[in-house]
Amino acid sequence: MTFAPGQTVGPFFHLGLPFEAGNLLVPASHPDAVRLHGRVVDGEGAGVPDALIELWQADPSGRVPRETGSIRRDGFTFTGWGRAQTDGDGHYWFATLTPGPVESGRRPFFAVTVFARGLTDRLFTRIYLPGDEPDGLLDGLEPDRRATLIATREPRGLLFDIHLQGEGETVFLSYPRQAR
Amino acid sequence: MTTQADINREIDDLRGSGGPQPRRDYPPYRSSVLRHPTRDLRMVDPEGVELWAPCFGAADIDDAEADLTVQRSGEPLGERIVVSGRVLDGDGRPVRHQLVEIWQANASGRYWHQRDQHPAPLDPNFIGAGRCLTDGDGVYTFQTIKPGAYPWRNHDNAWRPAHIHFSLFGTDFTQRLVTQMYFPGDPLFELDPIYQSITDAKAREMLVASYDHGLTTPEHRLGYRWDIVLSGTHRTPLDTEEPLR
């Protein structure tokens, strides 16, 4: 069965997609909150001021959340999903919890979707935590490509830049059921 | 400045070159030049959280958000329409109780957005954003007005065909889709590098709604039907509604 093609999110997605506290998967004041942040940059290294990042993740125990309430957050329920638009410098940030491994022994990651004006279709990637567990995706990549998928630990969080193109271009993913 | 004739030639040169999904590298759409990945996408088997989609529920949304004509004190200007259809996964199963979000220009082709400088009038009674959840059969329905075509700065005298932006989720993370719904018979289709970034004609047509007189209500609004097929889920039908833990 053929599936519907994507189209760019365009320059006016702020009208329909962002919502209050979309980037706060937990309140920034939560004792275990980490700031996951970075810049989205284009092929010339310029910040992309009209990108949108979606984050989907397990909780610290590795459980996949099934709770509703991402759009109207109650401040207590961890739904595992959030949305952040970039600012004028291409910077995005989330307040969230560090995900645990969904299957034991696997390296935890955040699942990420990237949208932007100029991107004809959304892109998928993963943000891995620093670590040394084996991983089927990371272990099959050249070291310089692998490095694009691993966040850098900071005193109060995790840094992850997204390079849409060019030097240090982030590894973007496709999945078997999307094969043509 | 690049003319429409220049863009038409570029569109013609790339016709049929990209398969059923849009080309990420599509120079006729100028903003794509520095923003598309140049490396091939890396194929990976989804695992863990990627086998699940976020859940949304009645508490996330007001019923009134599905009617874009009642969000302000008065009636918006323009042609009242209803847009309805089913969200299906790649195996034809309905995507139930899942979030659908839309945004669009008003009847004169102006967005309620500070970056839209098109000197067409804003309508104080139309913002142009809506949300709903699909029902138990995967059906969504929005009441709105037909958006206008509008100019943009891609090239000289560039105009976008009238469209409604749609944001959709499936039952796993990999099915996420943001796309645009168009109206049948638009003369701007052939000229639009965003629509034509899908270089396969049959695939493009999947984004065009059908006029449906059965959805039209007498003396009130015209009906358009648009069914949306997402890619296939990576979970098997036998999987339960709860993740393994």
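The values are calculated or read from the model by the stated rules, or taken from the named source; none is laboratory data. No experiment lies behind these values; they were computed from the predicted model shown. No Cβ is skipped: glycine too gets one built from the backbone with ideal geometry, and neighbour counts run over all protein chains shown.
Quick notes on this one:
- Within the range A:66-85, tally of residues that are within 12 Å of chain B (Cβ to nearest Cβ) and under 16 Å from the mean Cα position of the chain (by Cα): 6
- In the range A:87-114, of all residues being surrounded by 21 or more Cβ atoms within 10 Å (Cβ to Cβ) and more than 12 Å from every other protein chain (Cβ to nearest Cβ), the one that is nearest to A:Q7 (Cα to Cα) corresponds to A:Y92.
- Residue match in the range A:15-37 (condition: buried (at least 16 other Cβ atoms within 10 Å of the Cβ), modelled with pLDDT of 95 or more and in contact with a Pro (Cβ under 8 Å, 6 or more places away or on another chain)): yes
- Qualifying residues in the range A:129-158 (those that are part of a strand (DSSP E or B) and surrounded by fewer than 21 Cβ atoms within 10 Å (Cβ to Cβ)) - the one nearest to the chain's Cα centre (by Cα): A:I150
- Residues of the range A:115-137 that turn out to be more than 10 Å from chain B (Cβ to nearest Cβ) and out of contact with any Gly (no Cβ under 7 Å at 6 or more places or on another chain), as a count: 7
- For the range B:212-225, the count of residues that are in a helix (DSSP H, G or I) and buried (at least 22 other Cβ atoms within 10 Å of the Cβ) is zero.
- Pair list, Cβ < 8 Å and 6+ apart or interchain, from the range B:3-15 residues that are polar (S, T, N, Q) to residues that are modelled with pLDDT of 95 or more and not in a helix (DSSP H, G or I): B:T3/B:H155; B:T3/B:D156; B:T3/B:N157; B:Q4/B:H155; B:Q4/B:D156; B:Q4/B:N157; B:Q4/B:A158
- If you filter the range B:100-122 down to residues that are in contact with a Lys or Arg (Cβ under 8 Å, 6 or more places away or on another chain) and more than 8 Å from chain A (Cβ to nearest Cβ), you find that the one that is surrounded by the most Cβ atoms within 10 Å (Cβ to Cβ) is B:V100.
- Residues of the range B:19-67 satisfying the condition of being among the aliphatic types (A, V, I, L, M) and either modelled with pLDDT of 95 or more or under 30 Å from B:D156 (Cβ atoms) (or both): B:V33, B:L34, B:L41, B:M43, B:V44, B:V49, B:L51, B:A53, B:I61, B:A66
- Just one residue in the set B:E65, B:E50 is touching a helix residue (DSSP H, G or I) at 6+ places or on another chain (Cβ under 6 Å), buried (at least 16 other Cβ atoms within 10 Å of the Cβ) and not in a loop (DSSP other than H, G, I, E, B); that residue is B:E50.
- Residue within the range B:121-135 that is free of Cβ contacts under 8 Å to residues at least 60 places away in the same chain and small (G, A, S) present: no
- Once the range A:92-133 is narrowed to residues that are charged (D, E, K, R) and touching a Lys or Arg at 6+ places or on another chain (Cβ under 7 Å), the residue that is farthest from B:R23 (Cα to Cα) is A:E133.
- Members of the range A:49-58 found to be at the interface with another protein chain (Cβ under 7 Å from one of its Cβ atoms) and over 11 Å from the mean Cα position of the chain (by Cα), listed by number: A:A58
- Among residues of the range A:1-44 being under 30 Å from B:M181 (Cβ atoms) and among the charged types (D, E, K, R), the one that is nearest to the other protein chains (Cβ to nearest Cβ) is A:D42.
- For B:T179, the test of being crowded, with 17+ Cβ neighbours inside 10 Å, part of a loop (DSSP other than H, G, I, E, B) and modelled with pLDDT of 95 or more is failed.
- Conditions (1) touching a residue at least 40 places away in the same chain (Cβ under 8 Å); (2) among the aliphatic types (A, V, I, L, M); (3) within 14 Å of chain A (Cβ to nearest Cβ); number of the one not met by B:A59: (1)
- Condition broken by B:E101, with the remaining ones in (1) acidic (D, E); (2) within 23 Å of B:P218 (Cα to Cα); (3) assigned to a strand (DSSP E or B) satisfied: (2)
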